[in-house]
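Asker: Pasting in a structure now, in structure tokens, and then I'll have a few things to ask.
The values are calculated or read from the model by the stated rules, or taken from the named source; none is laboratory data. Fair warning: this is a prediction, and the values are worked out from it, not measured in the lab. Note that we place each Cβ from the backbone using ideal geometry, even for glycine, and neighbour counts take in every protein chain shown. Heads up: the accessible areas ignore ligands, DNA and RNA and are worked out on the full protein's heavy atoms, side chains in. Shrake-Rupley method; radii C 1.70, N 1.55, O 1.52, S 1.80 Å.
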Amino acid sequence: CLTKEGYTNDPICPCVFIKKNGSNFVIIAVYVDDLNLIGTPEEIQNSVEYLKKEFEIKDFGKTKFCLGLQIEHLKGGIFVHQTAYTRKVLKRFYMDKAHTLSTPMVVRSLDPNKDPFRPREENEEILGPEVPYLSAIGALMYLANCTRPDISFAVNLLARFSSSPT
């Protein structure tokens, strides 16, 4: 029904619909039964009116949370962050009381015997299933991919040991 109204379906992401009208535009992102509208105020209003005629919808106003991302609307634009998600991850892995550091990982030693990221030795025990290593890596990867590229190197280094963490 959106394509009949002049919206084009994005060929790469089929859940995104775009409509341009001169210098005005609107982008509708569909996620299950939720819609996020982005665009110029006039075109957003036109889209909302059209959608209300076609569907029974509730307008919850500006998006504040979307897929673990927090969205703050400021005068000069928007600010996207994952503060709530980060706190939830820290609490989930019992790290919420840990002391913060300005660097995301320990400095590597040039001495291979003292390097915490050396290959596993014969006598070292692998962490058991009671330590959710893979879950922690996955949660950190989501952070690194979305809003925290500064931790990417550390997370990817830890992910190398997913099959036999010590």
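Asker: Using packing as a proxy for protection, rank 43-52, 74-83 so that the peptide with the highest average count of other Cβ atoms within 10 Å comes first.
Answerer: Highest to lowest by the protection proxy: 43-52, 74-83.
Asker: Also, quick follow-up: Assuming R0 = 25 Å, can you tell me the calculated FRET efficiency for the pair THR83 and SER23, based on Cβ-Cβ distance, to the nearest 0.05?
Answerer: Calculated value: 0.10.
Asker: If DNA, RNA and ligands are ignored and the probe is 1.4 Å, what is the ranking of VAL131, VAL155 by accessible area, most exposed first?
Answerer: The residues order as VAL131, VAL155, largest area first.
Asker: Please name which of SER164, MET141, MET105 has its Cα lying farthest along the dipole of the chain towards the positive end, using unit charges on Cβ (Lys, Arg +1; Asp, Glu -1) and the Cα centre as origin.
Answerer: MET105
Asker: Arrange the residues TYR94, TYR142 by how much accessible surface each exposes, largest first, with a 1.4 angstrom probe.
Answerer: TYR94, TYR142
Asker: I want to check a number: in the chain, how many lysine pairs have alpha carbons closer than 22 Å, given a sequence separation of 8 or more or different chains?
Answerer: Number of lysine pairs found: 19.
Asker: Hey, how much of the P(r) for the chain falls beyond 24 Å, as a percent of Cα pairs?
Answerer: 55
Asker: Please give the charge dipole size of the chain, origin at the Cα centre, charges +1 on K and R Cβ atoms and -1 on D and E Cβ atoms. Round to the nearest 20 debye.
Answerer: Dipole magnitude for the chain comes out near 360 debye.
Asker: Could I ask something else about it? Net charge within 12 Å of MET95 by Cβ-Cβ distance, Lys/Arg positive one each and Asp/Glu negative one each, not counting MET95 itself?
Answerer: +4
Asker: For the chain, with all protein chains present and a 1.4 Å probe, just round the carbon and sulfur fraction of the accessible area to a whole percent.
Answerer: Ligands and nucleic acids excluded, carbon and sulfur reach 58 percent.
Asker: Using the heavy atoms of the protein chains and a 1.4 angstrom probe, tell me the accessible area per residue for the chain in square angstrom.
Answerer: 77
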